[in-house]
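Presented below is the structure to which this report refers.
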Amino acid sequence: MTPDLVLTIFIAGIAAGTTLVFAAVGEIITERSGVLNLGVEGMMLVGAVTGFLVNNQIGQPWIGAIAGVLAGAAMGLVHAVFVVGFKTNQVVTGLALVIFGNGLSGYLGTSVVGEPPPATFDPIALPLLSSIPVLGRILFNQDALVYAGYILVAGAWWFVFRTRPGLNLRSVGESPETADAVGISVVKTRYLAVMCGGGFAGLGGAYLSLAQAPSWVPNLTAGRGWIAIALVIFATWNPLRAALGGYLFGCVEALSFRLQAVGVDIPVFFVSMLPYLFTIAVLVVISRGNLTRRLAAPAALGNSFAREER
Amino acid sequence: MIPVVELRGIVKRFPGVVANHNADLVLENGEVHALLGENGAGKTTLMSILAGIYRPDAGTILLDGGPVSFRTPGHAIEAGIGMVHQHFRLVQPFTVAENVLLGAERRFAASRSSTDQRVSELGESYGLKVDPSARVWQLSAGEQQRVGILKALFREARILILDEPTAVLTPQEATRLFETLRKMAEEGRTVVFISHKLDEVMAVADRISVLRGGEKIASVTRSETDKRALARLMVGHDVSSKTQRADSSAAGVCLEVRGLDALGDRGLQVLHGIDLEVRRGEVLGVAGVSGNGQRELTEVIAGIRRPSAGTVEMEGVDLTDVSPAQRIRSGLAYVPEDRLGMGLVGSMDCVSNVMLKLSGDRRFTRGPFVNSGAAEKLTHRLVDAFDVKTPSINAPVRLMSGGNIQKLLLARELSSEPKLLVASQPTAGLDVAAAQAVHDIILEERAKGVGILLISEDLDELLSLSDRILVMYEGNVMGTIDGDDAGREKIGLMMAGTHTDMEAAS
């Protein structure tokens, strides 16, 4: 492998990781409130198709991305209405939303399959930063949404660990009874957290269809929502570690892509399996041993809350 | 003078039970008011209604003479009502300061140092010292309780409710808590203190209200009553029964534990070189504030937690690396503290629960099938012998009362005629009559020559049942004292980690 090839893998890896980072950071915020959202994949798909359609109509990728966020948040609202409002089983509801999102996005996108978008997010070299040797080319010669991802990660970390609303959010995920008894609204917090997570998943999807591979095909996300959920565990519910993991996965994905391009003599199916094998390997490593990692999970994750239950 | 709080005709129903039935209560400014009653009398429910956690189905709450209706706990806090729950309601991974300020602070960004300082100042002014930057899960139960009180004080509660505050304290810690409560009352706050222990109620309360069956039976001034009268009000009839323990006929070692180390759920070492010995026909009581390794000790003996060092021998047979099933066959009976979680399956009926431990026994199987005739016969016999009150042996056990659940669990465990009975908190949450029945069962087994390891947080229970009492503190054995001369005070000191010279008598 030439140094140039390695560099292109890293450049493509950061872009490919951005989708995962958006979705994983969103899921961290959701799970920090004690709600498990397995519907990430469906929310990403709906975000992707909505962003693509809006951009197709008006040729404004930024408006498309915002539409993707709103579509994802709307899916989040559906999840919240069921699991927080009606206290349905979070696993089942999340799985239903994957199927629903898959079907809905396929239906909405029928007319635009394979069409080229009128405008996309293009790389912008950041002044000064992009001239840093090697790192500048990898990190600071990307499109605007990648930069938005950097800001989001830092902002999410600060919000979760250093602000009052972040403290309230974590208390709701750890011990909703405690939060309730001091006057924090468990229901409101969870609604907001789930919608926020859905919005970020939608943005992750829109990034795929508007920037990373500007196009629409059914099931565009191809399992990235599941990788994002695995990343949350890998990251022990910490946005900074989720970013690290997200970009690492992005690089593995880029690697599998490039290996095919340079014609390495491995069947294409094995190569494209790489990110998923990596996901399984990471999950196995995490669930073996390292107790502190498992204990980092919000204590009330997956449990619905009713004040008067005894 | 207008009372600070008046509850009138409070009714609260839960599916299947009426927790409060026309309950009235009057609280005055600057008093320590004890709410006395048996388990299940509706004390906690009534106070949870005052604290806005439950909404009453009927009745009114008057605060300073005016009616109020709290829709959420937040409204009650704003009105100056703070409750320290029995299980504290703290966020375990958070620091003390974060817990105290949770929900009470409006600023967006949090600054650790200034919060820590405010919390430690507040603690010092009330003699409630805790390290503000410590994580709650690292604290002892007594310290967690202090955090709970600080939380209420930080919110400027003028009515402070404490639910069974002494359950997790050593006698000395309890005395100190009472001093703090008195001080708060002198400042003009109203302190409500839920309890079922007559001694502490008589020691600290100005006035006492007795609840029975969800209703208030009487409110009395302390100086005008005595323990006997209160006990009669609480139970509804005279209480005279006192457990009579026959002289010990202990002979021969039944259980021998040597140098036992074990890790807890969090991967930290919770047992440090435990040595103990239970003789046949002897009750060895284990005293200690909860969370000092008692649960882990029973789990290691039962074979559901692996020790990291040491040995467990029963009747001379090494059981250290043996499966729970093998231990049961060797004559171990285990009554875990969590009766419906680990003892019985709540949604299954009596017969199935009895069969759980006998599923491999050929007397109760026909090929691969359960011999339901034999199983039902055995269950009938056990239910009769142990006086388990159940509508039907085919009804789910979780519909039975705590006392009957415990009796069924004991019946099942003892049906195999064990050599050793390990019983963890066997009377926790039971009413007086059921607790008495459990005590009788334990003493009967003792008379039969069974070795009994009894873990309890109730010192009175330990003193009346045990031949010897072993005290645990932070996973260590602090010492063993003869049951008869065991002074409460000495046990209390050992529970708090103080070594005493009384280590003999074993």
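The values are calculated or read from the model by the stated rules, or taken from the named source; none is laboratory data. Small disclaimer: the values here were computed from a predicted structure and weren't measured. Counting neighbours? That spans all protein chains shown, and the Cβs are built from the backbone with ideal geometry, glycine included.
Selection over region B:293-325 of residues that are under 27 Å from the mean Cα position of the chain (by Cα) and outside any strand (DSSP E or B) gives a count of 15. Here B:Leu139 meets each of (1) at the interface with chain A (Cβ under 10 Å from one of its Cβ atoms); (2) closer than 21 Å to A:Ala296 by Cβ with one exception, condition (1).
Taken over region B:71-129, the residue count meeting the criterion of being of a type in the set (Lys, Arg) and either in contact with a Cys (Cβ under 6 Å, 6 or more places away or on another chain) or within 19 Å of A:Phe161 (Cα to Cα) (or both) is 3.
List the strands (runs of 3 or more DSSP E) inside region B:450-500, counting only whole elements, that have at least 1 residues being in the same structural domain as B:Ala435 (by TED's automatic domain parsing), touching a residue at least 40 places away in the same chain (Cβ under 8 Å) and of a type in the set (Lys, Arg). Break it down stepwise before answering.
Numbers: elements: B:451-455, B:468-473, B:476-482.
It comes to B:468-473.
For region A:162-191, the set of residues classified as more than 20 Å from B:His85 (Cβ to Cβ), more than 9 Å from chain B (Cβ to nearest Cβ) and surrounded by 19 or more Cβ atoms within 10 Å (Cβ to Cβ) consists of A:Leu169, A:Thr189, A:Arg190, A:Tyr191, listed by residue number. Candidates B:Val91, B:Val84: the one that is in contact (Cβ under 8 Å) with a residue 40 or more places away in the chain, under 26 Å from A:Arg32 (Cα atoms), of a type outside the set (D, E, K, R) and in contact with a strand residue (DSSP E or B) (Cβ under 7 Å, 6 or more places away or on another chain) is B:Val84. Among the hydrophobic types (A, V, I, L, M, F, W, C), touching a residue at least 24 places away in the same chain (Cβ under 8 Å) and buried (at least 18 other Cβ atoms within 10 Å of the Cβ): is that true of B:Ile2 in this structure? Taking the combined requirement at face value, the residue does not satisfy it.
Kindly indicate the residue of region B:95-113 that is more than 7 Å from every other protein chain (Cβ to nearest Cβ) and under 17 Å from B:Gln145 (Cβ atoms) and also surrounded by the fewest Cβ atoms within 10 Å (Cβ to Cβ) among those meeting that condition. Residue satisfying both the conditions and the ranking: B:Thr95. Working only within region B:398-433, note down all residues that are small (Gly, Ala, Ser), over 17 Å from B:Arg381 (Cβ atoms) and surrounded by 21 or more Cβ atoms within 10 Å (Cβ to Cβ). Result: B:Gly403, B:Ala423, B:Ser424.
Picking from B:Val422, B:Val383, B:Val345, which residue would you name as being in contact (Cβ under 8 Å) with a residue 12 or more places away in the chain and in a helix (DSSP H, G or I)? Talk me through it step by step, then tell me what you get.
On the way: B:Val422 fails: in a helix (DSSP H, G or I); B:Val345 fails: in a helix (DSSP H, G or I).
Being in contact (Cβ under 8 Å) with a residue 12 or more places away in the chain and in a helix (DSSP H, G or I) holds for just one of B:Val422, B:Val383, B:Val345, which is B:Val383.
Filtered by the rule that a residue be under 15 Å from A:Phe82 (Cβ atoms) and of a type in the set (Val, Ile, Thr), region A:29-52 gives A:Thr30, A:Val35. Has region A:206-213 got at least one residue that is in a loop (DSSP other than H, G, I, E, B) and either crowded, with 17+ Cβ neighbours inside 10 Å or modelled with pLDDT under 90 (or both)? Yes, some residue in region A:206-213 is in a loop (DSSP other than H, G, I, E, B) and either crowded, with 17+ Cβ neighbours inside 10 Å or modelled with pLDDT under 90 (or both).
In region A:1-56, the qualifying residues are those that are over 18 Å from the mean Cα position of the chain (by Cα) and of a type in the set (S, T, N, Q), and the one that is farthest from A:Asn303 (Cα to Cα) is A:Thr2.
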